[in-house]
Amino acid sequence: MCLALLSLVAVNAVAQEAGDKVVSIAKAVESAVQQSRLTQAGGVPFHLKAHIANAGAPKPEYAADVEEVWVSPEKWRRTVQSAGFAQTLIVNGDKVSEKLTGDYYPFWLHDLVTALFDPLPMADQLKAMQGQLEIPEDSAKSNSCLNMQIKVGTAPAQNNLGMAFCFGGKGGLLQAAITPGYKAQFDSYLPFKKKMVARTIKAEFEPGLVLTAKVTQLAELASPEESLFAVDVPTPATEQIKTIQVTEESARALAVNTPAVVWPAVREGKTEGLISVYVSVDRSGHVREVWPLVSNNLELNQAAREQLLRWQYKPYNNGGPSQMEAVLTFAFSTRIENPIPILNDAQARKLATRVVEAVVPPGKARKGAKFALRISVDEAGRVQSVQNQNKVAPALYTAGVAALKQWRFRPYMNNGNPDRFYADITFQVR
């Protein structure tokens, strides 16, 4: 993420506690990088293997294996293997060899590979910022986070997006770096020589898709085979695959076929607002990935993605055709159709196959008092969420949630098809 393109709106850090230390942003960033980045000049040669997969149900299209044999910043070999893309990259002095399978390096894959070897790629931009951070010295304490907002889009469709860089634990290790174009959360730090290396890195790209890179092997490289770094025929710089992030204005200037997004009707939520997405474009100008960033109506995210994936740009040229990434912001205007049903207490209880009443601890509410919570139920009859529409007291809400998570329903039929629904459930304090 190129921070030079961004404007700083706000910076916040946690309050200082006894034992915390106050350091400049530059020092916090430098310390985190020096402690955890394996590919620093003067570092110990290493051999690393990692596997990337979805944290939930297996998704083969989002799985990959990464291997790196590293001697120095001027001498290393990296292989990346996924279902749709593979890369073997060798750097040996001023010679570079790159062999590819597939013509597009996916954004999600590039994100996690970057996180493995360069955890804070925007370190230089961050170190140029003024300000201080209070780093918790005890790993049990909260992180100290540098929180910012950036303005994106073009008038009148302009939006604010958040960024965060978090440090914590003994020595101020990097724990998260979240921007529109880069996201990584670092965990399971273990020592390696004089470094502390995160063995688990997570990145959430959208609800239900949290990819995890797990380091499965990390060992010192005692005597690397020179043949691994042989570059017989160097790959010209103009042919090496590169990814460049550009402004929305620059992306729109390259538009070839980018028709206006047609917004479908929605079942709930706002009918007017803004949506910001992150798009990744291949070297021929085709949009290959669209990831939601901020949306005033989540129902419209998929419609935006489906249409933007058909967009075409002129190839972005940066000393040769390059992949292009950008934040795009849209204003939407739509209407409500076929609204999601809202059942009352009697209707919901009639549909329920399992009912558990709320148990409120004695003394937390008057006996006989009633309170209501709204639940969201999916097409299979499972409770998805519990909303405190009426702002009931915390003790009542907690008791209600504990009970409602155990409820089950027959599918609600709408025009002959199972449908999701809301229900307002009323409990009585006993």
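Bear in mind these aren't lab numbers, they're just calculated from the coordinates by the rules spelled out. All figures in this text were calculated on a predicted structure; none of them were measured in a lab. Methodologically, a virtual Cβ is constructed for each residue, glycine included, from the backbone with ideal geometry; neighbour enumeration extends over all protein chains shown.
Miscellaneous remarks
- The antiparallel fraction among DSSP beta bridges confined to the chain stands at about 95%.
- Over the chain, relative contact order from alpha-carbon pairs under 8 Å, at least 6 apart, %: 14 percent
- Proximal lysines to K75, defined as alpha-carbon separation beneath 25 angstrom and excluding residues fewer than eight positions away on the same chain: K49, K95, K99, K193, K194, K195, K214, K242
- Debye, to nearest 20: dipole size of the chain, +1 on Lys, Arg Cβ, -1 on Asp, Glu Cβ: 1800 debye
- The range 310-354-the range 240-302 distance, computed between alpha-carbon centres (Å): 11 Å
- Of the peptides 216-226, 44-54, 298-308, the order by per-residue mean of other Cβ atoms within 10 Å, starting with the highest, comes out as 44-54, 298-308, 216-226.
- Computed over the range 27-124, the ratio Rg/Rh where both radii use C-alpha atoms and Rh is Kirkwood: 0.99
- Separation in nanometres of the label points that stand 7 Å from Cα toward Cβ, at V96 and E357: 7.0 nm
- If you take the alpha carbon atoms of the range 58-113 and fit the smallest convex hull around them, that volume is 79 Å³ per residue.
- A Förster radius of 41 Å combined with the Cβ-Cβ distance from R199 to A346 puts the calculated FRET efficiency at roughly 0.20.
- Ascending count of other beta-carbon atoms within 10 Å, so fewest first, for R288, R430: R430, R288
- Cα-based reach from K59 at 20 Å (exclusive), listing aspartates and glutamates while leaving out same-chain residues under 8 positions away: D111, E204, E206, E289, E306
- Hull volume per residue, based on the alpha-carbon atoms of the range 351-402 and their convex hull, is 89 Å³.
- Available extension along the chain between N390 and R410 is 4.6 nm, counting 0.36 nm per residue and deducting the alpha carbon span.
- With N counted as the residues of the range 342-428, its alpha-carbon radius of gyration over 2.2 N^0.38 Å works out to 1.09.
- Where labels lie 7 Å past Cα in the beta-carbon direction, separation of L228 and T114 in nm: 2.6 nm
- For the range 243-301, a Kirkwood radius taken over Cα pairs fed into Stokes-Einstein (10 °C, viscosity 1.306 mPa s) yields D = 120 µm²/s.
- Among T212, T243, T154, residue whose mean-square fluctuation peaks in a GNM of the chain (springs only between Cα atoms under 10 Å): T154
- Shape metrics for the chain, restricted to C-alpha atoms - Rg then Dmax, Å: 25.5, 83
- K21-L221 FRET efficiency (beta carbon distance; Förster radius 25 Å; 0.05 resolution): 0.15
- FRET efficiency for K367 and Q312, using Cβ-Cβ distance with R0 set to 60 Å, rounded to 0.05: 0.35
- Of all the options Q175, Q312, Q347, the one that moves most in a Gaussian network model of the chain with Cα springs shorter than 10 angstrom is Q347.
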